[in-house]
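The structure appears below as structure tokens.
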Amino acid sequence: MKYIMFEDFSGADVPIIFPNRINFGEMREQMPYTKAVSAGYISYGPDGFRCHGQSKGLALAARKEDAAIIRDKFEDVES
């Protein structure tokens, strides 16, 4: 899966996760948020979420903190 991390209107990071067959640029065009802060690939395994890689077209890469942000979003849904 791919993801783009956006900054929402309040300044919070918001991840958008989407299938590999959709281009980063195509997904970026669909989002109303003005600032994209990172992008890359996400996987889930025994150690939890892992973010890696980059979007050359968006000139953005995965950040160390992205996996924790995404994990926290899923934990918010569970509670």
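Tabulated data for the structure shown
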{"read-out": "Cα-based Rg / Dmax (Å) for the chain", "value": "12.0, 36"}
{"read-out": "Computed [θ] at 222 nm, helices only, for the chain once each DSSP H run of length n ≥ 4 contributes -39500 (n - 2.57)", "value": "-7500 deg cm²/dmol"}
{"read-out": "Under the Karplus curve 6.51 cos²θ - 1.76 cosθ + 1.60, θ = phi - 60°, whole-Hz ³J(HN,Hα) for the range 7-24, x wherever Gly or Pro sits", "value": "9, 7, 5, 9, x, 7, 6, 10, x, 10, 10, 8, x, 4, 6, 8, 6, 4"}
{"read-out": "Simple label model, 7 Å out from Cα along Cβ direction - GLU65 to PHE18, nm", "value": "2.4"}
{"read-out": "GLU29 paired with GLN54, simple spin-label distance in nm, labels 7 Å along Cα-to-beta-carbon", "value": "2.4"}
{"read-out": "Ordering of 18-24, 67-73 by burial proxy (mean other Cβ atoms within 10 Å per residue, highest first)", "value": "67-73, 18-24"}
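Coordinate-derived values only; no laboratory data. Here the structure is a predicted model, which means the values were calculated and not measured. We place every Cβ from the backbone using ideal geometry, glycine too, and count neighbours over all the protein chains shown.
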